[in-house]
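Heads up, the thing below is written out as structure tokens.
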Amino acid sequence: MPKESKPTEDAAQMLAEIEAFESAYGYNADYMKDLFARSPESFRRFRAARPMTMHYDQLTAEAYFTAAITVMQQEDCSGCLELNVKMAKEAGVSEQLIEQMIESPERLPAELKDVRDHTLNCLGAGAIDEEVALRIERHFGEAAFGELAIAIVGVRIYPGLKRALMKMQSCHMPHNASGE
């Protein structure tokens, strides 16, 4: 495959974008800076994929963040979990619901418990339960179910990238929801 021409984007602008994100959320994005330092073109491709990780139009913010927070509880450090909590609040998800997502997911409304269970199953915690998936699709709609699938897969890019770049050592892994 021929090499693509690289966009001429100012490195200082890209680093400023990362630092603005860190500042806005009180989040350590050293792994993004590391990727950029190693391979600016790889960072550009990562950055191009980021809108996918936050796409929800038909899916409610509550359902999206139930999935995103569940992924972070299972696969990432507490910093990324905290980031998703901040983003959920910013999106208008109630603090009570966020607390349930984290501390007592068994108390979530039935449709969000289904989202959590489906997310866990997609992460390998169990077999995909077709009835749960069908309930989600009936409740939220076909388009929303597609958005949920993209959300589950998309947000995994962050913990995966951190591990691949060997940047997880600075994170403290939360006790995951499956009790391991």
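No value in this document is a laboratory result; all are computed from the given coordinates. All values reported here derive from a predicted model rather than from experimental measurement. Virtual Cβ from ideal backbone geometry, glycine too; neighbours counted across all protein chains shown.
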What's the magnitude of the charge dipole for the chain around its Cα centre, counting Lys and Arg as +1 and Asp and Glu as -1 at the beta-carbon? Answer in Debye, nearest 20. 680 debye
Can you compute the FRET efficiency between ASP129 and LYS86 using 1/(1 + (r/R0)^6), with r the Cβ-Cβ distance and R0 = 35 Å? Round to the nearest 0.05. 0.70
Once both axes come from the Cα atoms, what is the angle between helix 61-75 and the longest principal axis of the chain, in degrees from 0 to 90, rounded to 10? 70 degrees
For LYS162, give me every one of the aspartates and glutamates with a C-alpha distance below 18 angstrom, ignoring sequence neighbours fewer than eight places off in its own chain. GLU19, GLU22, ASP30, ASP34, GLU41, GLU75, ASP76, GLU82
Subtracting the Cα-Cα distance from 0.36 nm times the residue separation, let me have the gained length for GLU41 to GLN13 in nm, one decimal. 8.7 nm
Would you mind getting me the FRET efficiency between ALA20 and ALA61? Use the beta-carbon distance for r and R0 = 30 Å, nearest 0.05. 0.85
To the nearest 20 Debye, how big is the dipole of the stretch 1-99 about its Cα centre, given +1 on the beta carbon of each Lys and Arg and -1 on that of each Asp and Glu? 420 debye
Roughly how many debye, to the nearest 20, is the charge dipole of the stretch 61-159 about its Cα centre, given +1 on each Lys and Arg Cβ, -1 on each Asp and Glu Cβ, and no other charges? 140 debye
